[in-house]
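Structure record follows, encoded as structure tokens.
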Amino acid sequence: MEPAAHFTDLIVWQKAHAFILAVYRLTAEFPRHELYGLTAQLRRAAVSVPANVAEGFRRRTLPDKARFLNIAQGSLEECRYYLILARDLGYKQDPTLGPLAQEVSKLLTAYERAITSRAVS
């Protein structure tokens with residue numbers, strides 16, 4: 001398999017991008033009074049996931065690349081919490097977001113492991 005030429009070639013980035021698009025659609029349905037609260041926080045955290053994958057893609061060292069993937073994973077976990085909070089507040093839900101977040105998490109973990117194992121070799 002040929003290495004990715006651009007971050008948009010990475011399946012993990014593609015799935016993370018799909019996640020943020022779904023988050024934007026969902027949060028558009030949140031109450032207006034949440035615009036500067038939960039809506040902004042969830043969107044910021046969700047945007048951080050594919051953004052960190054993209055930023056890490058061009059980093060020169062493998063540990064630096066892995067660090068950005070770890071940051072993306074942390075932002076994804078933050079999103080998971082905000083989705084729980086939105087559910088508990090009775091805001092609109094998207095049943096596809098949980099499974100998509102899980103898929104992105106698995107891809108981030110696999111990509112980070114691959115990079116980490118290359119750094120050790």
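Derivation of every value follows stated rules applied to the coordinates shown; laboratory data play no part. Computed from a predicted model, the values in this text were never measured in an experiment. Backbone-built Cβ (ideal geometry, glycine too); neighbour counts: all protein chains shown.
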### Message
Loop-only GluC sites (Glu not before Pro) in region 29-94, please: DSSP not H, G, I, E or B, and at most 15 other Cβ atoms within 10 Å.
### Response
Glu29
#### Entry: the chain, helix-only ellipticity at 222 nm - DSSP H runs n ≥ 4, -39,500 (n - 2.57), divided by all residues, nearest 500
-25500 deg cm²/dmol
### Task
Could you compute the FRET efficiency for Ala28 and Glu55, with r as their C-beta to C-beta distance and R0 at 41 Å, rounded to 0.05?
0.95
### Summary
In debye to the nearest 20, the charge dipole size for the chain, taken about the Cα centre with +1 at each Lys and Arg Cβ and -1 at each Asp and Glu Cβ, equals 200 debye
#### Entry: Residue among Ala18, Ala66, Ala46 with the largest mean-square fluctuation in a Gaussian network model of the chain, springs linking Cα atoms under 10 Å
Ala18
#### Entry: Listed residues Leu62, Leu42, Leu89, most fluctuating in the chain (Gaussian network, C-alpha, under 10 Å)
Leu89
